[in-house]
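Input: a single structure, listed below in structure tokens.
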Amino acid sequence: MQIRISRGILSATMAAFCWGSATVMSKFIIETINPVLLLWLQLSVSVLALWMIILYKNLIPSSMKNTWQLASLGLFEPWLAYLLGLIGLAET
């Protein structure tokens, strides 16, 4: 019997794997680095990687107003949620 895995299932599985792996790696490194510094490093690398992809594929947004509205959402989900998560990891 042949099993076909859809692109969505594979993508969701890989995203969960990456998130879980990053949490484990963060737990190991947080013993030597301040959680705020670790978060700053992680977010800086991810923003740099995303901008490299945007520039490589020439995906510059046409309206900076809309871009800033969407970018402001990043202050809450990755920044605040991950900051609290890393502080929690440091305490466990």
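The values are calculated or read from the model by the stated rules, or taken from the named source; none is laboratory data. Not measured: the values here are computed from a predicted model. Cβ coordinates were reconstructed from backbone atoms using ideal geometry, including for glycine residues, and neighbour counts include every protein chain displayed. We work out accessible area using only protein heavy atoms, side chains counted, and drop any ligands, DNA or RNA first. Shrake-Rupley method; radii C 1.70, N 1.55, O 1.52, S 1.80 Å.
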Once you charge only the Cβ atoms, +1 for Lys and Arg and -1 for Asp and Glu, what is the size of the charge dipole of the chain about its Cα centre, to the nearest 20 debye? 440 debye
Send over the Kirkwood Rh of the chain, from the inverse of the averaged 1/r over different Cα pairs, rounded to one decimal Å. 15.7 Å
Please report the carbon-and-sulfur percent of the accessible area for the chain; probe 1.4 Å, protein heavy atoms only, DNA, RNA and ligands left out. 73 percent
Positive-end residue of ASN34, ALA81, THR92, charge dipole of the chain with Cβ unit charges: ALA81
Hydropathy first: keep DSSP H helices in the chain averaging at least 0.5 on Kyte-Doolittle, then drop any whose Cα extent along the axis falls short of 15 Å, and list what survives. 7-29, 35-56
Heavy-atom surface of the chain, accessible at 1.4 Å and reported per residue (Å²): 87 Å²
Can you give the relative contact order of the chain as a percent, counting alpha carbon pairs under 8 Å and 6+ residues apart? 50 percent
